[in-house]
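Comments concern the structure below.
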Amino acid sequence: MPLFAFSYSMQLSLTAPVTRHSYALRCLPPDTARQTVSGLRYTVSGDDKPSRSVDGFGSPLLTGYIARPHDFFGFSVSGTAVLRPDVFSESGDAALYRFASRLTQPGPALTALHDSLASLPGDGMGFVPDDSPAARAFAMMHAVYARMRYEPGATTVSTTAEQALAGGAGVCQDYVHLLLALCRMERIPARYVAGLLGGEGATHAWCEVWHGGVWYPIDPTHDCPALIGYLELAHGRDAADCPLDRGVWYGAAGQTQTVTASLSRLPESI
């Protein structure tokens, strides 16, 4: 099986000291049917004993509290992972992902796009029957890719699928929200996945579509199945459920954030 080395870090520099800082990090890749993590190492600046738990969607969560004044916060995580391209995750909570979430609520633009795709034939891409709901999702992925232009800065973290489609441009988060919205308009269970993609040097997002008791990963940003070199960090209904880092503190301060990410295949395999 392919073996990958991964690392992810964030450094936050503040213009003035803050106190009573509570944070929640979704930076620890879970063990799933598709990935097995080993040699996991992580550090959080200013907190020697962060707490590990799991959020309501099943994603690993690292939380903590820093009471003393500080003008810097950062964390890092690294390790190795076996990534299985031909194994698909199982889950019993698919019903949760049939319905629109805050960032995937359809409006006039999404409704018009969905109506225009009514006669679009399914594309099983060699994984599922062409007449299955999952094949319908793959076909709609092609439509999203054709209608969007990848443009960093065109949207923000709070941009909805409707807004991104109206603007015609966005980043991976927006491509995913568009596909999620279209799937859910047909009650096809589909969920948002945040993680790392080999060779990108940054975080990435893709979809998983439920069919036959498993989740099939698909990447609308690249118009392909999300099979080789994808490491999951978190999943949920949309990006609002999957922030890799979130925090609140007391004090007024500007901030500068630097993020580095890497996922690379190792010569050996397991």
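Below, the figures for the structure above:
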quantity: Qualifying residue in the range 141-148 (condition: among the basic types (Lys, Arg), in contact with a Gly (Cβ under 9 Å, 6 or more places away or on another chain) and assigned to a strand (DSSP E or B)); calculated: no
quantity: Residue match in the range 121-135 (condition: in the same structural domain as residue 207 (by TED's automatic domain parsing), of a type in the set (S, T, N, Q), in a loop (DSSP other than H, G, I, E, B) and over 21 Å from the mean Cα position of the chain (by Cα)); calculated: yes
quantity: Residue 1, sole failed condition from (1) modelled with pLDDT of 95 or more; (2) surrounded by fewer than 18 Cβ atoms within 10 Å (Cβ to Cβ); calculated: (1)
quantity: Subset tally (residues that are assigned to a strand (DSSP E or B) and surrounded by fewer than 17 Cβ atoms within 10 Å (Cβ to Cβ)) for the range 59-69; calculated: 1
quantity: Number of positions in the range 41-58 that are at pLDDT below 95 and not in a loop (DSSP other than H, G, I, E, B); calculated: 1
quantity: Residue list for the range 19-47, filter: more than 27 Å from residue 218 (Cα to Cα) and either assigned by TED's automatic domain parsing to the domain that holds residue 228 or charged (D, E, K, R) (or both); calculated: 20, 41, 47
quantity: Strands (runs of 3 or more DSSP E) wholly inside the range 161-270 containing at least 3 residues that are of a type in the set (A, V, I, L, M, F, W, C) and surrounded by fewer than 23 Cβ atoms within 10 Å (Cβ to Cβ); calculated: 255-269
quantity: Of all residues making up the range 3-32, the number that are over 17 Å from the mean Cα position of the chain (by Cα) and small (Gly, Ala, Ser); calculated: 4
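Residue-by-condition table, conditions (1) of a type in the set (A, V, I, L, M, F, W, C); (2) surrounded by fewer than 16 Cβ atoms within 10 Å (Cβ to Cβ):
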position	(1), (2)
81	yes, no
95	yes, yes
110	yes, no
115	no, yes
122	no, no
129	no, yes
132	no, no
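The values are calculated or read from the model by the stated rules, or taken from the named source; none is laboratory data. Computed from a prediction, not measured in an experiment: that's the story for all the values here. Here the Cβ is made from the backbone with ideal geometry for all residues, glycine too, and neighbour counts use every protein chain on show.
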